[in-house]
Structure formats: structure tokens, C-alpha cells
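Below is one structure, written out as C-alpha cells, with a few remarks after it.
The values are calculated or read from the model by the stated rules, or taken from the named source; none is laboratory data. Keep in mind the model is a prediction, meaning the values are calculated, not measured. Backbone-built Cβ (ideal geometry, glycine too); neighbour counts: all protein chains shown.
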Amino acid sequence: MQILNNGIEITYFGHSTFGIKSAGGKKVLIDPWVMGNPMCPEELKDLDEVDIIAVTHGHSDHIGDLLEIAKKFNPVVISTFEIYKWLNDKGVENCLPINKGGTQTVDGIEFTMTHAQHSSSIENDDGKLTYAGEPGGYIIRFENRFTIYHAGDTNLFGDMKLIKEIYRPELVMLPIGDVFTMSPLEASFACRMLLPKYVIPMHYGTFPMLTGTPDELENMTHDLGGLQHLALKPGEVLR
Ligand code: NI
Ligand code: MN
């Protein structure tokens, strides 16, 4: 899909996983659930390069393939201090810790962790849960100042107004699946607070339980004239 025209390419892997190639050619992966992601097309599972990974929280549908990808490509991995420690224990190098309000800049790309209302833990092989810090989202500002907001897993919260005021993201990625995150109804109010140019719905349809649909979101935001809905299919690339 040719819409952005700013040198940035966004590839949807399905669920909440996105690959973004910056105008400078850096490859960013948000929430690396790739090989185990039932929505991810086969041809995307064979990654060729990853420079930076940003992790919103520790749930397996967001970090399911983090260890394997990090060990294979040795990218810089940005995550909460708790996940950073866990990664260090697992032998992953090149990690950068972050927490809400903080920014890590890698190769001229700025990652600021935002609030998200959800939970976060890492499930171990024995089924026990490891505390993974608080969940978050990211504001990502690329070298050309194009700004996106990946909300992570969250419900609607009033401080999205501040995210709009402070960072003015042009493109937002919002969960709409319901049950574990906001539904299209809350996402429609998130659009009203954030007033982006583009919205990409995510975290829906992966499991039967995640019933929210992009059509519902679109129908609930007819009052927002300028808003473009980009319901990407897994494997689709936005340029
Ligand atoms: Ni989650
Ligand atoms: Mn999730």
C-alpha cells in the first residue's frame, strides 16, 4: 500500500508485531512474535535482518520469538528493566533498559516508553510466571521526525490526551480485539484523543476470543473526517 511517501516501510506480521524500515534503512521490530505467530505469513518468518527490537511487555504473544531472534541477529533490544535483566540472564547482549517517560535513542531513532494499562509477566518453561515490570507502549520518532505510537496491550486511558499533546503521532497502532485489551469502542475514543492521520488496528482475530474488527472501529469513527483506517493484512507492507 503506497500512502506514507516518506521513505518508511511498515510490514504487518499479524497480531501486534510490526517490522518498520526507517528512511535511513534501519530495521525495527516491535513485539517479536514471528515464527510462532499463527497470523504471520510463512514468507515473513525467515527474517533477513533486525537492527532494533522494541518490547512492550512480557506476554508470550509479544515476545514469543524474542530470544531466538535476538540471538540470531544481535539487535539492540529495548525493554523494561525487568525484561532487560531477564534477557541478560538468558545471554542476550546489546540490551537497553527503559521505563515510562524515558527515551532510548538508537541510530538516530528515538524510542519513548509510554504508559499502558495491562499486566506483564514472562511465562517460563515450567509454567511459572516471572515478573516483567509494567507493560508499556512506544512513541517512535524516526530520523525524518515521522512519529508513530504503538500502544502495546492496553485499555483506553485519559493520558492519551497528553501523548497527543506532547508527541503528536501521525500514525497510531491500537489494539481492538477486546477481552485482553480495548475493544473497537474504546479504540474509537482513543482515536478522538490522539487525532492521528492514520490508525492501524492490531491485536484482533488471532484467536476466536479477540472479536473486535476494523470495520467496527471504522463505523464508530465516522465523525473523524480526516482519519485514514489502514487495516493491514498480515504480510501487507505500507509505504
Ligand atoms: Ni498482553
Ligand atoms: Mn497481547
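SER120 fulfils the conditions (1) closer than 23 Å to PHE207 by Cβ; (2) more than 15 Å from ligand 1 (Cβ to nearest atom) except for a single criterion, (2). When restricted to residues that are part of a loop (DSSP other than H, G, I, E, B) and within 16 Å of ligand 1 (Cβ to nearest atom), the range 156-177 contains 4. Check the range 178-196 and report whether any residue there is at pLDDT 95 or above and in a strand (DSSP E or B). No - not one qualifying residue is present in the range 178-196. Among the candidates GLU186, GLU218, the residue that is farther than 18 Å from ASP153 by Cβ, surrounded by 15 or more Cβ atoms within 10 Å (Cβ to Cβ), over 17 Å from the mean Cα position of the chain (by Cα) and acidic (Asp, Glu) is uniquely GLU218. A single entry from PRO32, PRO38 fulfils the requirement of being in a loop (DSSP other than H, G, I, E, B), loosely packed, with under 14 Cβ neighbours inside 10 Å and either at pLDDT below 95 or within 16 Å of ligand 2 (Cβ to nearest atom) (or both): PRO38. Within the range 156-182, restricting attention to residues that are within 14 Å of ligand 2 (Cβ to nearest atom) and over 20 Å from PHE142 (Cβ atoms), the residue that is surrounded by the fewest Cβ atoms within 10 Å (Cβ to Cβ) is VAL179. If I ask for residues that are of a type in the set (Lys, Arg) and under 18 Å from LEU4 (Cα atoms), which ones from the range 162-179 would you list? Passing the criteria: only ARG168. Of the residues making up the range 133-155, those that are in a loop (DSSP other than H, G, I, E, B) and either within 16 Å of ligand 2 (Cβ to nearest atom) or buried (at least 19 other Cβ atoms within 10 Å of the Cβ) (or both) number 9.
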